[in-house]
Amino acid sequence: MRRTTARAHRASIAWVVALAAVLSACNSVQKPASSPQERREGQTFAILINGGGRPRINFQSHLTHVRGFVDLLDEYGVARKNTVIFASDGSDPTEDLATREVNDIDDFWILPRGAQQALRPRIEYVDSKVEGYELQPARKVAIENWFVSNAWRFQADDTLFFYVTDHGEINKDDLTNNTIVLWKERLSVDELGEILDILPKGVRTVMLMSQCFSGSFAGITSAEKNICGYFASSADRPAYGCYPENRGVDGVGHSHHFLRGIEDLGSLSEAQSHVLVFDDSPDVPHTSSDAFLRGKLEAVAKGDGDKDLDETVDKYLEKAWLDRSRWEPEIRLLDRIGKAYGIYSPRSLKELETQISLLPKVSKELSTYAQRWQEAFNSVRQQNLRALLESNEAWSERLKPEVLKELTPEQRTELSVELVKELLPLAKSSGRIARMNTLRTRAEDAAAAAYRMEVRLGVLLRMHNQLTSIAGRTLIEEPGQEEAKASYEALTECEDLRLDDPAGASPLRRLTRAPGNWWQQLSQSEESVEDPEPFPHLADDQDLVDDVRPAWMGIRYRPPSKEERDGDKRSPGAVTVVTVYPESAAAKAGLQIGDVILGPPDNRFLEPNQVREWTMQREVGEPAPIDVDRDGEVIHLTLRPDPFPIDLPKLPGPPKVGATAPKVEVEAFRGDVTVHAGTKTMLFFWATWCAPCKFALPEVMRVAREEGVHVIAITDEKPKLLEKFFADFDEPFPADVAYDPFRQSFQAYGVSGTPTFVLIDGSGQVEYYNTGYNAQVGLALP
């Protein structure tokens, strides 16, 4: 039973359905269906949707899929008058489609990320067009109006092919009501269900949906209404286009492989099997009948004392495997999927349980490592570019944003080629090129392996679906399940949309017309489908995790400011420690906040972020000597790095009221900045640029004056900035001002914004804590 999402939409659909019924009745009067000579043969209609959302995310690859399906429909003789395309802004000539030329400049990778973004080919916007069709706007009102205007053309034995290649969005509050992204609006599961109700009873609707989170739309499929479908992924998972590796890329994912499957095999149900094997993306393709069977098993599990669904599925699988010969086609398909991706072919969900729970963790681990290696790689590239700019002022001028903005595409390409030619020899002569190659390789290896883990997870979930459907089909064979079996058979009949063979159909397609399992027939014929590209073995990628895992010191640091660089004789790559994570390798080695890390004794750091790169490439647990400057004295420490954590340790949060106040470690700018026992103290965390801090000053001064509270104003800004601020500021301000150069007290007190007020009683306990200031409420001190 579908929900109704909004009163206005409910009313709109109501009159639409009523009007459609009237038009259909009028048509019946003019052309009686009971008259054999008047009734035509069933026809196929097609609706293709590429909503786009907005120009910047309206990718050309999506429109390519639409054009591919248009060509397919033409090939199979579907009348063009029966096909309608809803794409972005429709026939409006405004440029609405994002295109970008391929960047084929050699060694463009040597540019740091920011420079690449500034110099890569710009997105060019063009008007969406499909030859031979007048596009309609992908708006709800346009889609509803088409159904109203064309409902009379349908009769009970017609078929509507409803295709979506687009963005989809998840409804986190209700996974059964996700949305298709249209043009600057969205179409929900409920809304589409109500629109489809406009069609006359008995019209067969076959949905093919490739958008993210598309599995939610299985909720409107119905054997009774003759609505079925194919979906790229489950309601809670993105599809191929939402992964960075695939955005805007042609020849990948659900739509591409489904189209190819139909071209080779001729029917949607056979194309589905093709997609399960050949779609080497994280998609989890499944059907309305899969969803139906899962629902029946869920009901049984719930009725059996809320038993775990997987246990229920495995129970029915045990029963199914008593006669494995009956399930040979399904077993062969599982084997085929497993072989394609280097995964064993399971016979129970229990066999999949460990890997399905493990793979997301491994993928996250590898993604984290890839990001860290990428950051280190980019830092070296930035330093290489910085070296060029410092030695050549002309390049600084040429790369200014306002200059780049005025360049033509051709001029940008010429500039990029010239810049690469300057940077490459500089990287080689400085020795940075070897560092870049190492870091780049590790970043790419980790990222590729992380994506393969996502693909494997998708493949395991496909197998999970296949096994669940076998269990469901076993369930509906039991006595008392006759109605469920009839509904399942009606759905599979609906799904098995077969297009007429065009002239010159391939031998593969002719094979699929023969009785029996087509995978078996293909394997025994000379006209066999090619195998998918070999997929790396899981064990190899598991070994790669150790190879790309970076080491970790356990600090946060800041590079020196220009004044600090100019004012001391330390190595140019020296950095100041601002955080030492508890129990980290740095803490165990004796590193302290405020230490200046110089580098290994025999190879001091020469670049600001070289400490990160050096640490990442150390052997975990192996001793690594490192020098630090502590208050002007060089100290030799030995670091034994830890493995890089997936989630960084959490820093302290705000102390709770009643807890012992953390130690206040600050430098005095003026006055007494010590917290004294027996004296009530307010810590006033502020900033020179903070307007609410200034609004709070009158009350802060009143508390100090009238209640005898010792107020210490603490900022993380430098003394020179404070001197300038107080030279111009003539309002009353606390006499005691501190600066926190390493943000030790900001961290200890969990300061998340300014102003923050902490009241410490005479016994050293936190009496009050608040962030922000509202003049109408005031501090509201206890």
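Tabulated data
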| read-out | value |
| --- | --- |
| Test result for Ala443, open to solvent by less than 70 Å² (accessible area, probe 1.4 Å), small (Gly, Ala, Ser), under 28 Å from Gln610 (Cβ atoms) and touching a residue at least 60 places away in the same chain (Cβ under 8 Å) | yes |
| Some residue of the stretch 582-599 being in a loop (DSSP other than H, G, I, E, B), in contact with a strand residue (DSSP E or B) (Cβ under 7 Å, 6 or more places away or on another chain), of a type in the set (A, V, I, L, M, F, W, C) and more than 26 Å from Arg440 (Cβ to Cβ) | yes |
| Inter-residue pairs, beta-carbon under 6 Å, first over 24 Å from Ile220 (Cα atoms) and in the stretch 292-318, second of a type in the set (A, V, I, L, M) and open to solvent by 30 Å² or more (accessible area, probe 1.4 Å), 6+ apart | Thr312/Val300 |
| Among (1) assigned to a loop (DSSP other than H, G, I, E, B); (2) within 23 Å of Tyr240 (Cβ to Cβ) - the single one Met207 does not satisfy | (1) |
| Residue in the stretch 289-301 that is assigned to a loop (DSSP other than H, G, I, E, B), surrounded by 21 or more Cβ atoms within 10 Å (Cβ to Cβ) and out of contact with any Leu (no Cβ under 9 Å at 6 or more places or on another chain) present | no |
| Selected residue (criterion: surrounded by the fewest Cβ atoms within 10 Å (Cβ to Cβ)) from residues of the stretch 667-703 that are in a loop (DSSP other than H, G, I, E, B) and within 44 Å of the chain's Cα centre (by Cα) | Trp689 |
| Residue list for the stretch 152-180, restricted to those being within 23 Å of Asn226 (Cβ to Cβ), open to solvent by 40 Å² or more (accessible area, probe 1.4 Å) and of a type outside the set (Lys, Arg) | Trp152, Ala156, Asp157, Thr176 |
| Restricting the stretch 88-127 to residues that are in contact with a Gly (Cβ under 8 Å, 6 or more places away or on another chain) and part of a loop (DSSP other than H, G, I, E, B), the residue that is surrounded by the most Cβ atoms within 10 Å (Cβ to Cβ) | Ser88 |
| Of all residues making up the stretch 730-750, the number that are of a type in the set (A, V, I, L, M, F, W, C), more than 16 Å from Lys694 (Cα to Cα) and surrounded by 21 or more Cβ atoms within 10 Å (Cβ to Cβ) | 2 |
| Selection from the stretch 132-163 of residues that are over 21 Å from Asp92 (Cα atoms) and part of a loop (DSSP other than H, G, I, E, B) | Phe154, Gln155, Ala156, Asp157, Asp158 |
| Residue count, the stretch 626-666 (criterion: in a strand (DSSP E or B), of a type outside the set (A, V, I, L, M) and either at pLDDT below 90 or surrounded by 13 or more Cβ atoms within 10 Å (Cβ to Cβ) (or both)) | 5 |
| Residue among Glu397, Glu375, Glu402, Glu328 that is in contact (Cβ under 8 Å) with a residue 40 or more places away in the chain and either closer than 30 Å to Pro559 by Cβ or hydroxyl-bearing (Ser, Thr, Tyr) (or both) | Glu375 |
| Selection count where residues are more than 48 Å from the chain's Cα centre (by Cα) and either closer than 22 Å to Gly750 by Cβ or open to solvent by 50 Å² or more (accessible area, probe 1.4 Å) (or both), scope the stretch 704-729 | 8 |
| Residue within the stretch 188-197 that is within 26 Å of Gly241 (Cα to Cα) and either outside any helix (DSSP H, G or I) or open to solvent by 30 Å² or more (accessible area, probe 1.4 Å) (or both) present | yes |
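For every residue, the table says whether it meets (1) within 30 Å of Ile470 (Cβ to Cβ); (2) at pLDDT below 90.
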site	(1), (2)
Glu330	yes, no
Leu334	yes, no
Tyr341	yes, yes
Thr354	yes, yes
Glu365	no, no
Leu389	no, no
Gln411	no, no
Glu414	no, no
Val417	no, no
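The values are calculated or read from the model by the stated rules, or taken from the named source; none is laboratory data. Keep in mind that this is a model prediction, so the values were computed, not measured. For neighbour counting, all protein chains shown are included, and Cβ atoms are generated from backbone atoms with ideal geometry for every residue, glycine included. These accessible areas exclude ligands, DNA and RNA; they are computed on the full protein's heavy atoms, side chains included. Shrake-Rupley method; radii C 1.70, N 1.55, O 1.52, S 1.80 Å.
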